[in-house]
Amino acid sequence: MTTGALNEPQQGGDETAVRARILDAAFAAFMKNGYAASSTLEIATRARVSKRELYALVGNKQAMLVACISARARRLQVPADFPVPHDRETFGQVLASFGTQLIREITDPTVIAVFRLAIAEAVHAPEVAQALDSIGREASRAALRQIMARAQASGLLNGRPAELAEQFGGLLWGNLMIGLLLGVAKRPSLRELTTRARDAAAAFLQLHPLSTNAAAPADAS
């Protein structure tokens, strides 16, 4: 490929596909060199686009980082078809189902690589960790808070949704994330992570038994 061809915008290309290629190239560069040491020129070269096209379709390097993390964070939102729990059994099933989804997504090798990148760049490029926390981790925290709030509104649970979500997260993960980050633990199989999520849901329900004289959900008015 000649320099002139590289510097010209792609003709007739699908912008969505080109943008995806840019983000794949950015992610590969970040993983290889680190965020701070990766240049937009290298990313453009990897993606086979001009720097002008790169900035037009995605933006600067930080915008690429945010886009890479956001794409994965969207998979951690509560699906629209998640049932609203009206009894403890359904609530436990919702917790187990979401817990399974959460572990499956976060233990993906590329996601673990992003966490390692954030840790490695904590001093030189703290924006990596900030983006990961505010976009990536917040998606799962918000989803769990929503599940807890729904259960609370149905009279199935007492407590603050944020604290309850944090507690379930602790039961779900244990030391697994540390082991994965250190490379001393293997990614759980589908059966293992499903069992892990069910056990966490069962333990959570045991910690928060429903009182026989529990009050009905308070009127919003």
Quick one: what pairs do we get from the range 165-192, first residue free of Cβ contacts under 8 Å to residues at least 24 places away in the same chain, second part of a helix (DSSP H, G or I) and surrounded by 12 or more Cβ atoms within 10 Å (Cβ to Cβ), C-beta under 7 Å, 6+ apart or different chains?
A185/L176; A185/G179
Conditions first: (1) modelled with pLDDT under 90; (2) assigned to a loop (DSSP other than H, G, I, E, B). V66 passes all but one, so which condition is the exception?
(2)
Mind listing just one residue for me: the one in the range 72-92 that is surrounded by 14 or more Cβ atoms within 10 Å (Cβ to Cβ) and outside any loop (DSSP other than H, G, I, E, B) and, of those, modelled with the lowest pLDDT?
L76
What number of residues within the range 172-197 satisfy the criterion of being surrounded by 16 or more Cβ atoms within 10 Å (Cβ to Cβ) and more than 18 Å from S140 (Cβ to Cβ)?
0
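If you go through the range 174-210, how many residues are hydroxyl-bearing (S, T, Y) and over 23 Å from V114 (Cα atoms)?
Within the range 174-210, the first condition is being hydroxyl-bearing (S, T, Y), and the residues that meet it are 189, 194-195.
Those still in the list that are over 23 Å from V114 (Cα atoms) too: 194-195.
Adding up the residues that qualify gives 2.
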For the range 139-161, which residues satisfy the criterion of being in contact with a helix residue (DSSP H, G or I) (Cβ under 9 Å, 6 or more places away or on another chain) and surrounded by fewer than 20 Cβ atoms within 10 Å (Cβ to Cβ)?
R141, A142, A143, R145, Q146, A149, Q152, S154, N158, G159, R160, P161
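Please specify each residue of the range 100-136 satisfying the condition of being assigned to a loop (DSSP other than H, G, I, E, B) and in contact with a Pro (Cβ under 9 Å, 6 or more places away or on another chain).
At the first step, the residues of the range 100-136 found to be assigned to a loop (DSSP other than H, G, I, E, B) are 107-108, 121-126.
Residue satisfying the conditions is T107 alone.
Which count do you get for residues in the range 129-164 that are farther than 19 Å from E105 by Cα, of a type in the set (A, V, I, L, M, F, W, C) and in contact (Cβ under 8 Å) with a residue 40 or more places away in the chain?
Going through the range 129-164, the residues farther than 19 Å from E105 by Cα turn out to be 130, 148-164.
With of a type in the set (A, V, I, L, M, F, W, C) added as a condition, the list becomes 148-149, 151, 153, 156-157, 162, 164.
Cutting the leftovers down to in contact (Cβ under 8 Å) with a residue 40 or more places away in the chain gives us 151, 153, 156-157, 164.
Total satisfying the criteria: 5.
The values are calculated or read from the model by the stated rules, or taken from the named source; none is laboratory data. Keep in mind that what you see is a predicted model, and the values were worked out from it rather than measured. So basically every Cβ, Gly included, is an ideal-geometry build from the backbone, and we count neighbours across all protein chains shown.
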